[in-house]
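Each reported figure results from applying straightforward, stated rules to the coordinates on display, with no laboratory input. In this text the structure is predicted, and so the values were computed from the model without any measurement. Neighbour counts are summed over all protein chains in view; Cβ atoms, including those assigned to glycine, are modelled from backbone coordinates with ideal geometry.
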Amino acid sequence: MRPPTRNAVPSLKNFIATVVSMTPKPGLVAWVLHRLTGLFLVLYLVLHTLGLRSMSDPVAFEKYVTMYRQPLFKFAEFLLLGVVAYHAFNGIRIILQDMFLRSGSERSLFYLVLLLTAIVTVIGGYHIIYPYFIAPLLP
Amino acid sequence: MGIHKQSFSVRIRAAGWLWQRLTGVGLVLFLALHFWVQHMPTGFLATAEEYAGIMREFGMADQRYVDAIADGAIREALPEEHVITYDKVTERLANPLWKGIDIMLLVFAALHGMNGLYNVMGDYLRSSGARRAALGGAVLLFLGVTVQGIVSIMSAGLR
């Protein structure tokens with residue numbers, strides 16, 4: 001879709017055309033993802049701390065763990081690893097660029113962040129989902 | 001203004017910036033360990049066979065446990081599944097070193113998370129009143145998470 005000209009009529013069609021025509025730069029995508037994963041992890045930290053109140057009672061704790069062992073939650077645990085891995089690797093990238101590299105290297109480093117995130121998520125996540133989603137498929 | 005005479009709020013923000021990086025590096029290490037201990041198939045979790053034994057043993061001691069199993073609120077492990085269980089967690093936390101490690105993880109996560117939350121809110125809030133309210137909220141959340149978390153860690157295994 002061609003981007004609309006500067007004085008185009010404000011319309012849904014032109015809005016969508018503008019959004020679609022924007023080229024997402026790695027630095028911007030990295031920033032948005034870091035912010036979204038960070039906000040999600042703060043929410044998860046609060047829920048996790050509240051959930052662990054069950055540590056005061058063995059039966060309540062075992063129920064709490066069983067809830068987190070449902071297949072949907074196991075998949076969410078897999079995604080959680082991906083969220084943490086991305087936030088960690090991108091955070092290391094930010095520190096490296098602040099301290100040593102300055103700008104100019106963010107494109108290649110961002111692709112490295114995505115690659116490392118994928119590797120850690122697949123290797124670590126494999127063990128999480130294995131009994132639920134992989135073992136049943138094996139002969 | 002000379003570089004050695006920054007205002008208090010500027011120095012606070014610079015400290016927050018540095019602190020976010022220090023806690024971030026610490027969290028990478030603590031979370032790698034946390035993930036290894038609580039999410040990977042190691043001896044810190046119960047195997048399917050161990051969990052079956054725990055369910056039998058515990059079922060004889062507590063009627064609420066028997067009821068929870070009957071309801072499906074406590075469920076046996078799948079083949080080759082490794083399960084987080086009260087016995088394993090309290091056994092690990094009986095070691096003061098592990099208590100210290102988990103408290104450090106908690107405090108670093110709460111500091112990093114709530115400072116990050118305050119930074120994000122600060123990007124969208126203009127008035128000083130709204131910023132003060134955001135700071136107050138972040139501090140309260142930090143205190144709530146830290147105090148509740150330390151109570152849970154220190155009281156693990158007391159029952």
Handout entry: Per-residue HN-Hα couplings for the range A:109-124 [Karplus 6.51, -1.76, 1.60; θ = phi - 60°; Hz; x = Gly/Pro]
Key = 5, 5, 5, 5, 4, 4, 5, 5, 4, 5, 5, 5, 5, 5, 5, x
Problem - Distance in nm between pseudo-label sites at A:Arg107 and A:Phe73 (7 Å out along the Cβ direction from Cα) - result: 4.5 nm
Handout entry: Rg(Cα) / (2.2 N^0.38 Å) computed for the range A:25-137, rounded to two decimals
Key = 1.31
Fill in the blank from the handout: Of B:Ala61, B:Ala52, B:Ala14, the most mobile residue in a GNM of chain B (C-alpha springs, cutoff 10 Å) is B:Ala61
Practice task
Using only the C-alpha atoms of the protein assembly as shown, find the volume of their convex hull and express it per residue in Å³.
Solution key: 224 Å³
Exercise for the section: Could you check the simple spin-label distance between B:Leu158 and B:Leu125, using points 7 Å along Cα→Cβ, in nm with one decimal? Expected result: 3.4 nm
Exercise for the section: Measure nothing but the geometry: give the 0 to 90° angle between the long axis through the Cα atoms of A:71-96 and the longest principal axis through the Cα atoms of chain A, rounded to 10°. Expected result: 50 degrees
Problem - Neighbour-count ranking [beta-carbon atoms within 10 angstrom, fewest first] of A:Lys13, A:Lys74 - result: A:Lys13, A:Lys74
